[in-house]
1. Tell me which strands (runs of 3 or more DSSP E) are completely within the range 1-84 and hold 1 or more residues being farther than 23 Å from Arg371 by Cβ, or say none if there are none.
2. Under 7 Å between Cβ atoms, which residue pairs at least 6 apart in sequence (or on different chains) link something in the range 477-489 that is under 15 Å from Gly570 (Cβ atoms) and touching a residue at least 60 places away in the same chain (Cβ under 8 Å) with a partner that is assigned to a loop (DSSP other than H, G, I, E, B) and among the small types (Gly, Ala, Ser)?
3. So which residues in the range 553-568 are surrounded by fewer than 19 Cβ atoms within 10 Å (Cβ to Cβ) and assigned to a strand (DSSP E or B), if there are any at all?
4. Since Gly349 meets every condition but one in (1) surrounded by fewer than 14 Cβ atoms within 10 Å (Cβ to Cβ); (2) within 30 Å of Tyr219 (Cβ to Cβ); (3) of a type outside the set (S, T, N, Q), which condition does it not meet?
5. Here are Gln313, Gln327, Gln309, Gln340: which of them is touching a His at 6+ places or on another chain (Cβ under 9 Å) and among the polar types (S, T, N, Q)?
6. Here is a list: Ser328, Ser317. Which entry is surrounded by fewer than 16 Cβ atoms within 10 Å (Cβ to Cβ), in the same structural domain as Ser37 (by TED's automatic domain parsing), of a type in the set (Ser, Thr, Tyr) and out of contact with any Lys or Arg (no Cβ under 8 Å at 6 or more places or on another chain)?
7. So for the range 146-159 (the condition being over 30 Å from Val75 (Cα atoms), outside any helix (DSSP H, G or I) and at pLDDT 95 or above), does at least one residue qualify?
8. What pairs can you find where one residue is in the range 336-349 and farther than 16 Å from Phe370 by Cβ, the other is not in a strand (DSSP E or B), and their Cβ atoms are less than 6 Å apart, with a gap of 6+ or different chains?
Amino acid sequence: MKKFNGILYGGDYNPNQWPRDIWKEDMRMFKKAHINSATVNVFSWAKIQPAEDRYDFSELDDIIDMLSRENYEIVLATATGALPAWMAARYPEVERTDYEGRRHKFGQRHNACPNSPVFQRYSKALAGKLAERYGANPHVKCWHISNEYGGECYCENCARAFREWLKKKYGSLEAVNRAWNTEFWGHTFYDWEEIVPPNELSEGIGKDKTAFAGISIDYRRFNSDGMLANFISERDAIRAFDKETPITTNLMGTYNGLDYFKWAREMDIVSWDNYPSYNTPWSRTAMTHDLMRGLKDAPFMLMEQTPSQQNWQPYNSLKRPGQMRAQSYQTLAHGADTIQFFQLRRSVGACEKFHGAVIGHVGTENTRVFREVEQLGEELERLGSVLPASVNESRVGIVFDWDNYWALEYTSGPSVDLTYVKHIHEYYKYFYDRNIPVNMLPVDADFGKYSLVVAPVLYMVKEGMKEALTAFVENGGTLVLTYMSGIVDQSDNVHLGGYPGPLRELAGVWVEEIDALAPEQFNQVVMNSGESCRCGLVCDLMHLEGAESLGVYGEDFYKGMPAATRNAFGKGHVYYVGTHMEEQGLAHVLDQAALDAQVESVVSGGEGLEIVCRRTGDGHKLYFVMNFTDQERKLPACFEGQRDLLTGKSASRDTVLKKYDVCIIEQ
């Protein structure tokens, strides 16, 4: 497999949108900014295939030749993220039908039905022609298929494909009816043709709810698999001509629509687009980086970020001086081997004309943004020999599962405020605040590699999960479970025998009832130590079945019942958090779990700083030390005398980091 020459630094480049006399100036300015790569051809399908029976690669030839002469590493996209107009005009069925049942006209992007034979035929053909033409070019270092896959379709093509998908999954209508519990409301199916996609015209209750979660979850799985089949089709078309260049597509973090763990198995390298809002917590961004790294348990590519501001969020604030640089180092700290921008030159028109770019509308390098990009580029040039191939290590794993994501948010009750990613982040933040490294895990991970596994709101427990978690704890692991865990199987049917279902014996508790508290309602948890904290959202009414109580409810008719527990099981322990506690209450429980598991911060004395470690192939450690707070922070004393790779100087006990300052300490 081809390797990158150091850290790829560049981003989306669209010279086809500009007169050719601009191209030469772009090359000069990119060199000045130490940019070494360009992602091209992302949305050029209409340009390179102007008609059904005609291709025109002349302009793309010139772009590839120019970048190759200038010694840039090229990320070459297949351009299949948006259809050409002629395809929609001649083959209307290639356009998507939305959740409300409306067939779309030509426009926007993500506009192809993934199950359209027409789209499948032409997208595969285009990918193959591109690979045949450019695959041998040594400057092409990565293939970028489509762009930000997403959305869904509910057309007749999809209905037919869904029925075939169900036949493969279940084998018979009887199995489908059992899985979806169709006896409820008399929905029994007697013919495959009776099954229709679950949209606004059928089982949907608004976009986010459904009368039958079983069918809606399966449609999510089907839609994810269908788009993945599109990716695989283009990937295989490329592989017919190019066996060595890594192939990716840019993912979108915690995007709800696609099962990224399943996708990652088909990708050579994971890449993703990082666009936090003005008020996104830094811990949330760090968590998403860790999730992207966790998809393959390997370094990833940052395919897109903005050097200044976005334009499609409600409030598109400028990045403050130093913020882009610090954000980039946070990305590298959590496992990225590239820093790439959307976009290199700011577009002159359409809906992203105000989206930030390395080269602004003024067209010169005399801008704050360009100077910051140039500074970062110079630093990354020096780091390129030490950072790639280094890895992140952790003894803590947090389970993230798209099936649970879909099922929890489809479920009717107990509270509309039960959202999956928010709860994952609350547990992640505990470790982030203490600089305890975390890996994000799929439900079928090798848990034996970890000392502590946290599985928040593990609502859906599928086949094999009980056994894997039990073995982990029996062998000495520490497991943290929470409310709304062990409730349903893979089809959203309840595990009978009392909550938390198959995890009941492991947790050592029986949850008899689940109370839902409105936003203005609260209870209290009184810990065994006498400390207390507020709790809300949901409260499990638990009975101990071998576990010990760590704290009890302080109010309401279930006052005195356990709210959090610890159960000795085999050589390990299981913690069960039965309610949504304030941060200090949750920390009280997780402190004990961390102590049981003997996990600790990467260094001592780093309060208020984010500190992340990557280990290099030769055994050295790179400590990324970043200050994202408004207060000045002292560098931990353990780094005194160590060399900061960014300045080349030795750190001292008086080294102070202001907001957005970064040090990289090599040991």
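The values are calculated or read from the model by the stated rules, or taken from the named source; none is laboratory data. Just so we're clear, the structure is a prediction, and the values are computed from it rather than from any experiment. Every residue, glycine as well, gets a Cβ built from its backbone with ideal geometry; the counts of neighbours run over all protein chains shown.
1. Fully inside the range 1-84 and qualifying: 37-40, 73-77.
2. Close Cβ pairs (under 7 Å, with a partner that is assigned to a loop (DSSP other than H, G, I, E, B) and among the small types (Gly, Ala, Ser)) amount to Gly477/Ser451; Thr478/Ser451.
3. Ala568
4. Here Gly349 meets the rest and fails (2).
5. Details: Gln313 fails: touching a His at 6+ places or on another chain (Cβ under 9 Å); Gln327 fails: touching a His at 6+ places or on another chain (Cβ under 9 Å); Gln340 fails: touching a His at 6+ places or on another chain (Cβ under 9 Å).
So the residue among Gln313, Gln327, Gln309, Gln340 that is touching a His at 6+ places or on another chain (Cβ under 9 Å) and among the polar types (S, T, N, Q) is Gln309.
6. Ser317
7. Among the residues of the range 146-159, at least one is over 30 Å from Val75 (Cα atoms), outside any helix (DSSP H, G or I) and at pLDDT 95 or above, which makes the answer yes.
8. Pairs that qualify, where the first residue is farther than 16 Å from Phe370 by Cβ and the partner is not in a strand (DSSP E or B), are Asp337/Pro299; Asp337/Pro388; Ser347/Lys353.
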